[in-house]
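A short write-up of the structure that comes next.
The values are calculated or read from the model by the stated rules, or taken from the named source; none is laboratory data. Since we're looking at a predicted model, the values are computed, not measured. Using ideal geometry, Cβ is built from the backbone for each residue, glycine included, and neighbour counts are taken over all protein chains shown. In case anyone asks, the SASA skips ligands and DNA or RNA and just uses the protein heavy atoms, side chains included. Shrake-Rupley method; radii C 1.70, N 1.55, O 1.52, S 1.80 Å.
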Amino acid sequence: MTIQKTADLIRQSERICILTGAGISSESGIPTFRDKQTGLWENHRAEDLANINAFHRDPKFVWGWYQWRRGQVADKRPNPAHHALADLEKWALENSKTFTLITQNVDDLHEQAGSTATHLHGHLWRNKCSECGQAYEGELDYADDALLTCPNCGGWVRPDIVWFGENLPKDAWVLAEQASSQCDVFMSIGTSSLVYPAAGLSQLAKQCGATIVEVNPNPTQSPHIDVMIEEKAGVALPEIINAL
Ligand code: APR
């Protein structure tokens with residue numbers, strides 16, 4: 001029922017906006033952040049790793065953790081959920097609908113599946129200088145956790161990821177707000193909706209008249225869901241595409 005209802009909503013829509021979180025990559029074998037037992041934050045405190053103070057306090061520890069994460073992600077491939085969203089993007093273009101995919105994820109599985117994704121929290125495979133901000137284009141050997149220095153100013157190289165307390169990339173955020181405020185269907189997929197400002201996009205969409213669909217096997221904090229699909233993304237999304 002909810003699958004067919006979602007397919008009908010998408011078919012009747014003109015502008016579709018999708019927000020994904022770590023849950024969509026979990027079926028590719030990439031741990032989420034807050035799932036019990038398997039979540040990355042289960043064994044670490046985000047405050048000790050994903051913020052600039054932690055990096056300044058112990059750059060080798062933080063850099064080493066991201067190199068470890070890269071090693072964990074390097075051999076992971078898109079799952080049926082990623083492929084379904086790439087198919088939905090193609091379908092939307094063929095049917096003259098506007099389609100925007102926004103992700104909180106820093107892996108590149110959406111791109112590997114053929115999607116165009118706007119990254120709110122950066123890219124795991126990109127690096128920049130922690131001092132001058134210049135992009136670091138040097139070779140990356142994630143098996144080597146030695147710190148790298150910026151060729152421009154000698155500062156430590158850090159992942160090009162948005163850490164807690166840092167601003168989101170301006171262009172990405174403006175695009176995300178615009179798509180969320182103009183869409184008529186907003187799908188929140190695989191996110192706990194705990195981290196702002198990304199978690200506020202569904203509320204913005206709702207306030208602007210969109211219908212909110214959530215795909216998550218677990219209940220979340222989101223207070224304004226119109227259609228709740230309590231299913232894994234890798235199961236629900238292909239079913240929605242097949243029902244279009
Ligand atoms: N399909 C859909 N959802 C799933 C699946 C699945 N197969 N498996 C798990 N989930 C759901 C979980 O129920 C949970 O609600 O995915 C969500 C993952 O939540 P988090 O681990 O909090 O990840 P996310 O919401 O992406 O975190 C947001 O927080 O730590 C920061 O910057 C980091 O981008 C991240 C942000």
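Looking at the chain, send over the antiparallel percent of its DSSP beta bridges, to the nearest 5.
In the chain, DSSP labels about 25 percent of beta bridges as antiparallel.
Which semi-axes, in whole Å and largest first, does the equivalent ellipsoid of segment 155-203 have when worked out from the alpha carbon gyration tensor as the square roots of 5 times its eigenvalues? Show your work: numbers first, answer last.
Details: eigenvalues 121, 36, 15 Å².
After scaling each eigenvalue by five and taking roots: 25, 13, 9 Å.
Find the Rg to Rh ratio for segment 1-55, where Rh is the Kirkwood radius over alpha-carbon pairs and Rg uses the same atoms.
Values: Rg = 17.2 Å, Rh = 14.2 Å.
Radius of gyration over Kirkwood radius for segment 1-55 works out to 1.21.
Please express the shape of segment 171-244 as an equivalent ellipsoid: the semi-axes are the square roots of 5 times the eigenvalues of the C-alpha gyration tensor, given largest first in whole angstrom. Kindly include the intermediate steps, with their values, before the conclusion.
Values: eigenvalues 83, 41, 26 Å².
Those come to 20, 14, 11 Å.
If you average the C-alpha positions of segment 110-186 and of segment 32-59 separately, how far apart do those two centres end up, in angstrom?
Measuring centre to centre over Cα atoms gives 17 Å.
Probe of 1.4 angstrom, ligands and nucleic acids ignored: what's the accessible area per residue over the chain, in square angstrom?
Numbers: 11530 Å² over 244 residues.
In whole numbers, the chain has 47 Å² accessible per residue.
Using alpha carbon coordinates only, what is the Rg to Rh ratio of segment 94-198, with Rh defined as the Kirkwood radius?
Dividing the radius of gyration by the Kirkwood radius yields 1.03.
For the chain, find the longest principal axis of its Cα atoms and tell me its angle to the long axis of helix 80-94, 0 to 90°, nearest 10.
Helix 80-94 sits roughly 60 degrees off the main axis of the chain.
Could you work out Rg/(2.2 N^0.38 Å) for segment 53-125, with Rg from alpha carbons only?
Working: Rg = 15.7 Å, N = 73, 2.2 N^0.38 = 11.2 Å.
So segment 53-125 has a normalised radius of gyration of 1.40.
Of K97, K36, K232, which is the most mobile in a GNM of the chain whose springs link Cα atoms less than 10 angstrom apart?
Of K97, K36, K232, the Gaussian network model singles out K36 as fluctuating most.
Report the full-extension gain for the segment D171 to F61: residue separation times 0.36 nm, less the Cα-Cα distance, to one decimal in nm. Present the calculation step by step, with values, prior to reporting the outcome.
On the way: separation 110, 0.36 × 110 = 39.60 nm, distance 3.04 nm.
Extending this stretch completely gives an extra 36.6 nm.
222 nm [θ] for the chain, helices only, -39500 (n - 2.57) per DSSP H run of 4+, per residue, to 500? Could the numbers behind the result be given before it?
Values: 11 runs with 94 residues, N = 244.
Value at 222 nm, helices only, nearest 500: -10500 deg cm²/dmol.
Count the net charge of all other residues whose Cβ sits under 10 Å from the Cβ of V157, scoring Lys and Arg as +1 and Asp and Glu as -1. Please list the in-between numbers first.
Working: positive: K128, R158; negative: E131, D160.
Taking every Cβ under 10 Å from that of V157, the sum is 0.
Let me understand segment 123-178 better: what is its radius of gyration from the alpha carbons, and its Dmax, in angstrom?
Looking at segment 123-178, its Cα Rg and Dmax stand at 12.9, 41 Å.
In whole percent, how big is the carbon plus sulfur part of the accessible area of segment 100-224, probe 1.4 Å, protein atoms only?
Numbers: 2690 of 5780 Å².
That share works out to 47 percent.
Could you check the simple spin-label distance between E94 and R77, using points 7 Å along Cα→Cβ, in nm with one decimal?
Label at E94, label at R77, 2.3 nm between them.
Which parts of segment 205-227 would a label at K36 reach, counting a residue when its backbone N lies under 14 Å from a point 7 Å out along Cα-to-Cβ?
Under 14 Å, as judged by backbone N against the label point of K36, lie 218-219 of segment 205-227.
Once R0 is set to 30 Å, what does the formula 1/(1 + (r/R0)^6) return for the Cβ-Cβ distance between E131 and W68, expressed as a FRET efficiency to the nearest 0.05?
Details: r = 24 Å, r/R0 = 0.79.
E between E131 and W68, to the nearest 0.05, is 0.80.
Given a Förster radius of 25 Å and the C-beta distance between Q12 and V235 as r, what FRET efficiency does 1/(1 + (r/R0)^6) yield to the nearest 0.05?
Values: r = 23 Å, r/R0 = 0.94.
Using R0 = 25 Å, I get an efficiency of 0.60.
Give me the percent of Cα-Cα pairs in the chain that sit more than 33 Å apart, rounded to a whole number. Don't skip to the answer; put the middle values down first.
Values: 5770 of 29646 pairs.
Result: 19 percent of Cα pairs exceed 33 Å.
Only Cα pairs within less than 10 Å get springs; with that Gaussian network setup on the chain, which residue of E131, E177, E89 has the largest fluctuation?
E131
Tell me, Kirkwood radius of segment 1-101 from alpha-carbon pair distances, in Å?
On the way: mean 1/r = 0.0612 Å⁻¹.
Taking the inverse mean of 1/r over all distinct Cα pairs, segment 1-101 comes out at 16.4 Å.
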